[in-house]
1. Could you tell me whether residue A:69 is away from ligand 1 (no atom under 16 Å from the Cβ), more than 7 Å from every other protein chain (Cβ to nearest Cβ) and in contact with a helix residue (DSSP H, G or I) (Cβ under 9 Å, 6 or more places away or on another chain)?
2. Out of curiosity, is residue A:144 surrounded by fewer than 21 Cβ atoms within 10 Å (Cβ to Cβ), facing chain B (nearest Cβ under 9 Å) and within 20 Å of the chain's Cα centre (by Cα)?
3. Of (1) modelled with pLDDT under 85; (2) buried (at least 18 other Cβ atoms within 10 Å of the Cβ), residue B:101 satisfies all except one. Which?
4. Which one is farthest from the other protein chains (Cβ to nearest Cβ), of the residues in segment A:1-21 that are within 16 Å of ligand 1 (Cβ to nearest atom) and out of contact with any Pro (no Cβ under 7 Å at 6 or more places or on another chain)?
5. Since residue A:184 meets every condition but one in (1) over 11 Å from the mean Cα position of the chain (by Cα); (2) within 16 Å of ligand 1 (Cβ to nearest atom), which condition does it not meet?
6. When residue A:27 is evaluated against the numbered criteria (1) within 14 Å of chain B (Cβ to nearest Cβ); (2) over 16 Å from the mean Cα position of the chain (by Cα); (3) more than 14 Å from ligand 2 (Cβ to nearest atom); (4) not aromatic (Phe, Trp, Tyr), which criterion, by number, is the only one it fails?
7. Have a look at A:173, A:140 and point out the one that is in a loop (DSSP other than H, G, I, E, B), β-branched (Val, Ile, Thr) and within 16 Å of ligand 2 (Cβ to nearest atom).
8. Only one of (1) in contact (Cβ under 8 Å) with a residue 40 or more places away in the chain; (2) open to solvent by 30 Å² or more (accessible area, probe 1.4 Å) fails for residue B:175. Which number is that?
Amino acid sequence: MSATETVVVAEHISKRVATAVGELRVLDEIDVQLAAGQSLAIIGESGSGKTTLLSLLAGLEQPTSGQIRLFGSPLSGLDEDGRAALRLGRVGFVFQAFHLLPSFTALENVAAPLELAGLDNPLERARVALERVGLGQRLTHLPRQLSGGEQQRVALARAFAIGPRLLFADEPTGNLDQRTGERVAELLFEINRSYGTSLVLVTHDPRLAARCQHQIHLEAGRRVA
Amino acid sequence: MMSAILSTLLRHARREWRAAELKPVLAALLVAVAAATGVLAFSERIERALALRSGELIGGDAVLSSRQPLPRPLLDEALAAGLRTSSVTAFPTVLFAGETSVLVEIKAVAADYPLRGRLLVAPADGAPAAQAAAPAEGEVYLDGRALAALAVPVGSEIEIGNAMLRIAGLLVEDPEGAGSFLTLAPRALVRETDVARLGLLGPASRAFHRLLLAGPGAAVERYAESVRPRLQGQRLTLARDAEQQLARVAQQARAFFGLAALAVLWLAALAIALTARRYTDGRREVVAQLRCFGLSRRRILLQLGATLGLYGLPAIILGIVAGYGLQALIALGVGALFQEALPWPGATPALLGVLVGMLAYLSFTLPALSRLAATSPSTLLRQTEDRLGPREWLAYPLALGVLTIAVWLLTGEGELGLIALAGMSLLAATLAGLLWLLLRLVRRHLPGRSFVVRQAFRQFAARPATTLLSAVSLALALAAVLLLGVVAGDLVRQWRSGLSADTPNRFLLNIQPEQVDLLRAQLRALGIATPRFYPFAVGRLIAVNGTPATEERFPDPRAQRFLDGDLNLSWSRELPEANRLVAGQWWDEGPEVSIAETWAQIFGLAVGDHLTVRVGEREIEARIASVRKVDWDSFRVNFFLLFEPETVAGLESTWVTSVRTDAGQARRLGPLLRAYPNVTPIDVDALLARILGVVDAVVRSLNTIFWCALIAAVCVLLAALAVGVGARRFESALWRSLGASRRTLRRTLWLELGAVGGLGGGFGGLAALATGVALAGRVFHIEYSTPWWLLPVGAALGATLSLLAGWVALHGVDATPPANTLRAGAG
Ligand SMILES: Nc1ncnc2c1ncn2[C@@H]1O[C@H](COP(=O)(O)OP(=O)(O)O)[C@@H](O)[C@H]1O
Ligand SMILES: [Mg+2]
């Protein structure tokens, strides 16, 4: 695989959903291309379709029309398990609402994808990752025993601990105060740099978006920039 | 203001109907009420049938008896109370056929005799017996012994006093006869009007007067209550306490159904608790918001309570209707009991159903409700997890205890309920403790290398409350199912086969002392297992501890029949079979007597007290050396009073024995006994058949009750799993976003469910077998070889049920694309 290989490509993807008042065009004819190690910001107002685009790119749901290739494989030919297998060990997620497993400790949360990918010493790797985000003292805490910023850092550790080739982050700092948010963002870009991990970042923050190599600006499901 | 609140409440209730989580709570409530009502109603039908049956043993629902003609007011009052009456006069007299004569007990009966039960008469020699009316004027029915003694055929004339009567038939079954077989002489039945017409009863005759009464149960009870304090020398016997063996069976049947009701109710109550929890879980955020807006806890509680109440009441009513349907279904499975259809159940089970339903509903939803109402508004700001607090861990067992005590009181059955309660509590506690240890261990050192195994165990450990709850409810459910479906049937069948295999069906009375040895040898030659012979004398209880024994002193109504009637006495060197000492020693020194436990209760006696008994002219005083537990349903010859032989040395007596004969032996026994004209054989096959009929009905009803328990168990499982559906859906989505395949997640789930199910089921099997062994020893008095196989069967059944329930309750959790779930967030 060459350094200029694209990790994810989307061609003319649209997403329409049926609602009580008729069909809603959530996304309309979007094209995306992201090369390995690069970063992409998706910006736009609330409700403009950012999360939808991200989950389409990650294969968490299917577009109504259009083609997506993740790591070179077209997603349309795969069923859900096939798409999951494609993500396994290569994709990390950070959600706006953190989404940690509530009954797992911080360590177990981070170790989960490692174990799933069948890596050796998952707990040890998880501990290293948590130390990296500054939570070495919080290993056995449950999510509800952590503050929002700490939870997001656990989510971040979980996302990069497997050394993913592609990291999706959906407004990772949206629920955090400015200083904590900056700290999390700093970690994200550090991962992007030091591991060569491609980054898809959904954000409101123009400064954060400006730090990415590419930007997609959505308005009511259409790309305007 | 008031109406505004009311309309808010109603609006809230209407909205809640749309919530998917409310309906399972109501369904569980419906099942609880239906099960309780159904089983109690069926149990009542059996009891009523038994009461009618024992009525047939004394010819009515109640009998007034006296040595003197019965006072007119007692009769009038019975008529005024709406009871039917029929009088019977019994007296000894001698019948003649030519030179031969026989001393018989004549019973003069009215045209409507008997009020309950039936008279079976063979109209000619060798003709089959058929139901018959009371004899016509000028006619007499004679029983087999009287006919044999007179050596005349049916249809010939016999002489009574100065009159001639035609023998109209062979008396085969007389409802009054079966109960009190130790006082029987050969019998003759005549029409009451003949007594006066033919002058049969002289003024000096020793006659016994009886008034049979029949009517609705409540009317009989009322009459009995009103008349009892005014009785002077008369005795009132109610059908329900007339027959000891049948009463024992009735009691066991009631206990059994009580236990079944309890088991099903427990399961349904668990289902209520679980579904209520799921309902409240789904309401947490709404409540947090309401509290944020400033609604008080009390107001929220009121709103939630009003909603549950509004829907709960119709569910209870529906449950009662379903319960009555259920009992009809059980009855259908049982078929006719003693040829006749079962009597219809009354309204009592419905009332009990309402009571039990409300109790279960309140006590199992309130903890979850109050917890919900207390939801902190901060829940909105912070991701928190709702766990069972210490209050709930305490509230649920407490509620279960209250429910058990209620059912126990309602069914009036102590021992069984307590055994069951103790067994189940022990089961739940042990299982919970063991699981807790296991979970701690698992959390530290995850076993296995495969992700599936490790993940399954981690799921276990990650949700300790759900895991515990599922395992414990599964264990309880399977314990109940196995107990009802396997163990109880086994026990009853075994008890029944014991009863029919060697239970004596013939009693031989009036054996002269010098005949005992020869008769014993002859019986043995017939192939009849060596019977035990007991001496037999009749006396009266005179004094207790030196003070006269009077009815004022012993007001227990059961004491009456021992105080004003003849007392059957015996003596023995060895402790008879079917007797067990519960206090004192078997013969120590000096004049001694051993009493049955019943007597110890009725008269408040203990070892060391003294009894004085008069037999003929002789007064015997003896110290109570021991108290015996007598197994009255053994059908063996049993005595309330057994003396130490030296104490009664020289007392005149006859001997009695009981034997078991098959049909062939019975045929050869007849001619043999002809050589002993004084010996009275009593055949109790008919009584035995009735009792076995009840037992069979109980066994047949097990099938239906078993299905009830199974359905309730499945409800519980589904409810337990449904509690975690929201969390599982979310976690499944999260795992899949991390790259886990559905196959992996499903295998994890199967392993988790199978392990919880297997563990719970194994424990359930253990509980069922332990309860079975306890019941065998304490209630049925039979040897029961421990059915160890219930352990693996329970585990397999538990795993299967758990997987099936999991498939039903959880098959959709991984159906939606992870994006939707993650967008919606946890829960
Ligand atoms: N499954 C769905 N059903 C109905 N509407 C949807 C669905 N998914 C997304 N939408 C709608 O599409 C729009 C875009 O949603 P989303 O991608 O979450 O926006 P953003 O993340 O930019 O705030 C919103 O108006 C949302 O309500
Ligand atoms: Mg969004």
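The values are calculated or read from the model by the stated rules, or taken from the named source; none is laboratory data. Just so it is clear, the model here is predicted, and its values are computed rather than measured. A quick note on method: Cβ atoms are made from the backbone with ideal geometry, for glycine too, and the neighbour counts reach across all protein chains shown. For accessibility, only protein heavy atoms count, side chains too; no ligands or nucleic acids. Shrake-Rupley method; radii C 1.70, N 1.55, O 1.52, S 1.80 Å.
1. Yes: the conditions hold for residue A:69.
2. no
3. Every listed condition holds for residue B:101 apart from (2).
4. Looking at the filtered set, the residue picked out is A:21.
5. Of (1) over 11 Å from the mean Cα position of the chain (by Cα); (2) within 16 Å of ligand 1 (Cβ to nearest atom), only one is false for residue A:184: (2).
6. Against the list (1) within 14 Å of chain B (Cβ to nearest Cβ); (2) over 16 Å from the mean Cα position of the chain (by Cα); (3) more than 14 Å from ligand 2 (Cβ to nearest atom); (4) not aromatic (Phe, Trp, Tyr), residue A:27 comes up short only on (3).
7. Exactly one of A:173, A:140 is in a loop (DSSP other than H, G, I, E, B), β-branched (Val, Ile, Thr) and within 16 Å of ligand 2 (Cβ to nearest atom), namely A:173.
8. Residue B:175 satisfies all of (1) in contact (Cβ under 8 Å) with a residue 40 or more places away in the chain; (2) open to solvent by 30 Å² or more (accessible area, probe 1.4 Å) except (2).
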